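The values are calculated or read from the model by the stated rules, or taken from the named source; none is laboratory data. Since the structure is predicted, the reported quantities are computational estimates derived from the model, not experimental observations. Every residue, glycine as well, gets a Cβ built from its backbone with ideal geometry; the counts of neighbours run over all protein chains shown.
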Amino acid sequence: MFSRKQKHILLKFFSMFSVVRGYNILIIVLAQYLTSIYIFAPERPLRNVLFDLNLLMLVLASAAVVAGGYIINNFYDSEKDVINRPNKSMLDKLVSQNTKLSFYFVLNFSAIIMASYVSFNAVVFFSAYIFGIWFYSHKLKKLQIVGNITSALLTITPFFIIFIYYKNFDTVIFVHATFLFLIITIRELTKDLENLKGDLALNYHTIPIQYGENVSKKMITYLVILTLLPSYLLVQRYDIGQMNVYFFLCTFLLLVFVVLLWNSKTQQQYLILHNILKFIIVAGVFSILLIDVDLVLKRIL
């Protein structure tokens, strides 16, 4: 069906898609638009949000920087991934390091060009974001706690630029952001447990290595309990429509997560926990639609 050359090109495409975590990029783009429509600018006509060229440039610049971040992270983690994710590592290696780095610079340069269309402040913001991702991958990632918190902050940064763009300081936004930050921090700590073998081999100073798995599990449990506070506030104090169903589901899943956490010992078991958190994050993106299920129709009409 495909020639040998076509198969080779296709494999390289999938390899690069794996390196930049293309599926994550798509989720981030979708999340930025949904938060713009339902949370940051709910009073604006739908057409004004969807066809806002400045917003498009900010979203595309965010996607480019995040994709570049995955590349530089893959570059620094290549040895660790061989141990922790051998199958993914084999796929990622189909594209040479030189090609990856070239693409990294192209993505970051493109992000700056797109940001320059919006404003000089946007250029400064994305320049700082690019540096922050590189500094995290190069230095901070190996440090306990600091690495986890920095990773969580860098993950929610694409939403911060949209927040600045719309200048919406409603407290519900900060509560949503707190919930997301806590979930991502829990995920980062869970990843440390999942990647214990590779981190130990490459002298990473993560919490499970420095203080043991039980200390990590206790920290994660405390964070899960803390996550219940913004969940409660969003359901009881703010008008989030049918999205409260999502937070009820989250509470149940997090309780199941804690039970499984204290019974987990192997990398495969920690991977299951990691996937539960991924599901919570991705489901959260789509559940934004539940804030007002008639909102889009009302805006169109």
Go through (1) crowded, with 20+ Cβ neighbours inside 10 Å; (2) in contact (Cβ under 8 Å) with a residue 60 or more places away in the chain; (3) over 16 Å from Asn168 (Cβ atoms) for Ala67 and report which single condition fails. (2)
Using the structure shown, decide if Lys100 is within 26 Å of Asp192 (Cβ to Cβ), among the charged types (D, E, K, R), part of a helix (DSSP H, G or I) and at pLDDT 85 or above. yes
Expected single match for more than 22 Å from Gly68 (Cα to Cα), out of contact with any Asp or Glu (no Cβ under 9 Å at 6 or more places or on another chain) and of a type outside the set (A, V, I, L, M) among His176, His138 is His176
Give Val175, Val106, Val118 a once-over and let me know the one that is of a type in the set (Val, Ile, Thr) and in the same structural domain as Leu226 (by TED's automatic domain parsing). Val175
Regarding Ile112, is this residue touching a helix residue (DSSP H, G or I) at 6+ places or on another chain (Cβ under 9 Å) and surrounded by 20 or more Cβ atoms within 10 Å (Cβ to Cβ)? no
Being within 21 Å of Phe126 (Cα to Cα) and among the acidic types (Asp, Glu) is true for just one of Asp52, Asp77. Which residue is that? Asp52
Which numbered condition in (1) of a type in the set (A, V, I, L, M); (2) surrounded by fewer than 19 Cβ atoms within 10 Å (Cβ to Cβ); (3) within 26 Å of Val235 (Cα to Cα) is the only one that Leu143 fails? (3)
All conditions in (1) surrounded by fewer than 21 Cβ atoms within 10 Å (Cβ to Cβ); (2) over 20 Å from Ile156 (Cα atoms) are true of Leu60 except (2)
Scan the range 266-279 residue by residue and report those that are in contact (Cβ under 8 Å) with a residue 60 or more places away in the chain and over 12 Å from the mean Cα position of the chain (by Cα). Gln267, Tyr270, Leu271, Leu273, His274
Going through Lys80, Lys100 one at a time, which residue ends up being of a type outside the set (S, T, N, Q), within 24 Å of Ile220 (Cβ to Cβ), touching a helix residue (DSSP H, G or I) at 6+ places or on another chain (Cβ under 9 Å) and outside the structural domain of Ile207 (by TED's automatic domain parsing)? Lys80
Need at least 3 residues that are of a type in the set (Ser, Thr, Tyr) and farther than 20 Å from Asp77 by Cα per element, so show me which helices (runs of 4 or more DSSP H) inside the range 163-257 make the cut, counting only ones lying wholly within it. 213-236
Just a yes or no: is a residue in the range 42-57 farther than 20 Å from Tyr166 by Cβ, in a loop (DSSP other than H, G, I, E, B), of a type in the set (D, E, K, R) and modelled with pLDDT under 85? no
Which of the residues belonging to the range 255-283 are small (Gly, Ala, Ser) and crowded, with 19+ Cβ neighbours inside 10 Å? Ser264
Looking at Tyr136, Tyr129, Tyr165, can you tell me which residue is modelled with pLDDT of 95 or more, within 21 Å of the chain's Cα centre (by Cα), of a type in the set (Ser, Thr, Tyr) and more than 26 Å from Thr266 (Cα to Cα)? Tyr129
Scan the range 80-89 and tell me whether some residue there is closer than 29 Å to Gly241 by Cα, free of Cβ contacts under 8 Å to residues at least 40 places away in the same chain and either touching a His at 6+ places or on another chain (Cβ under 8 Å) or surrounded by fewer than 18 Cβ atoms within 10 Å (Cβ to Cβ) (or both). no
Residues of the range 140-177 being among the hydroxyl-bearing types (Ser, Thr, Tyr) and in contact with a Ser or Thr (Cβ under 9 Å, 6 or more places away or on another chain), which ones? Ser151, Thr157, Tyr165, Tyr166
